[in-house]
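Q: Take a look at this one; I'll ask things after.
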Amino acid sequence: MRRLLVPLLLLLVLAGGFGWWWYQPERVIGRRIVAFFEAADVEETASDISRTTRGGSLAKFFAPNVTINGPEDTREYADGPQSRDSLVSNYTIAAKNCRRISFETPEIDEVTVSGDTAQAKARVDAIVEVSSTERPADGILHLDMEWKKIEGDWVLSSVSWEEKSR
């Protein structure tokens, strides 16, 4: 019986340690950032139904209101506080009308958690292709994000970015 107890105890300690590490807020936010960009991808071959649901798949990542501070050339489309519903509908329109929206797996540079608020810095290679000649985004986005824990979920509450060439 003792022979079985030692390996079982060791397995429980390892599982507990992994669970503690996996659920650290910094790790959870890092996974949320990666999942956000995966959900935002729109492949060139995506069907109309898939494109129509893209905005809805992003809703779970947004706070009720998100403050957006992009580069100057994007300010006429999105700047300042935006409602979740507005962001979802605008992204749905963009997904339906673009050729493709592509994000490589983001690089998380830093995540700092303070209570129910977190600051994150990340980089992602992005391409937004409207037509074969028009690309409103084609470079590395350097993002500064604020995430808040609302009703048990970490959601994006503020984002600013600048685009740099590859």
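The values are calculated or read from the model by the stated rules, or taken from the named source; none is laboratory data. Bear in mind that the values here come from a model prediction, so they are computed numbers and not experimental data. Every residue, glycine among them, receives a Cβ derived from its backbone with ideal geometry; neighbour counts consider all protein chains shown. Each accessible area value is taken on the protein alone, full model and side chains, heavy atoms only, with ligands, DNA and RNA left out. Shrake-Rupley method; radii C 1.70, N 1.55, O 1.52, S 1.80 Å.
Q: Among the candidates Ser47, Ser57, Ser83, which residue alone is under 21 Å from Lys148 (Cβ atoms), surrounded by fewer than 16 Cβ atoms within 10 Å (Cβ to Cβ) and polar (S, T, N, Q)?
A: Exactly one of Ser47, Ser57, Ser83 is under 21 Å from Lys148 (Cβ atoms), surrounded by fewer than 16 Cβ atoms within 10 Å (Cβ to Cβ) and polar (S, T, N, Q), namely Ser83.
Q: Any residue that is part of a loop (DSSP other than H, G, I, E, B) and either over 11 Å from the mean Cα position of the chain (by Cα) or within 28 Å of Ala46 (Cα to Cα) (or both) - is there at least one of those in segment 140-150?
A: No, segment 140-150 contains no residue that is part of a loop (DSSP other than H, G, I, E, B) and either over 11 Å from the mean Cα position of the chain (by Cα) or within 28 Å of Ala46 (Cα to Cα) (or both).
Q: Output the number of the condition that Ser165 fails; it satisfies all remaining conditions of (1) open to solvent by 80 Å² or more (accessible area, probe 1.4 Å); (2) modelled with pLDDT of 95 or more; (3) among the small types (Gly, Ala, Ser).
A: (2)
Q: Can you say whether Val124 is more than 27 Å from Pro25 (Cβ to Cβ), surrounded by 13 or more Cβ atoms within 10 Å (Cβ to Cβ) and touching an Asp or Glu at 6+ places or on another chain (Cβ under 9 Å), as far as the supplied structure shows?
A: No; evaluated as a whole, the condition is false for this residue.
Q: Checking Gly139 against (1) closer than 17 Å to Phe36 by Cβ; (2) modelled with pLDDT under 95; (3) open to solvent by less than 20 Å² (accessible area, probe 1.4 Å), which test does it fail?
A: Going through the list (1) closer than 17 Å to Phe36 by Cβ; (2) modelled with pLDDT under 95; (3) open to solvent by less than 20 Å² (accessible area, probe 1.4 Å), Gly139 breaks only (1).
Q: What number goes with the only condition from (1) assigned to a helix (DSSP H, G or I); (2) without any contact (Cβ under 8 Å) to a residue 24 or more places away in the chain; (3) open to solvent by 30 Å² or more (accessible area, probe 1.4 Å) that Val34 does not pass?
A: (2)
Q: Across segment 94-111, which residue is surrounded by the most Cβ atoms within 10 Å (Cβ to Cβ) among those that are in contact (Cβ under 8 Å) with a residue 24 or more places away in the chain and assigned to a strand (DSSP E or B)?
A: Ile101
Q: Report whether or not Val34 is over 25 Å from Ala122 (Cα atoms) and of a type in the set (A, V, I, L, M, F, W, C).
A: When the stated conditions are applied, Val34 does not pass them.
Q: Criterion first (buried (at least 16 other Cβ atoms within 10 Å of the Cβ), among the acidic types (Asp, Glu), more than 13 Å from the chain's Cα centre (by Cα) and more than 22 Å from Gln24 (Cβ to Cβ)) does Glu129 satisfy it?
A: Yes, satisfied.
Q: Check segment 48-61 and report whether any residue there is part of a strand (DSSP E or B), closer than 22 Å to Val34 by Cβ and modelled with pLDDT of 95 or more.
A: No, the conditions are met nowhere in segment 48-61.
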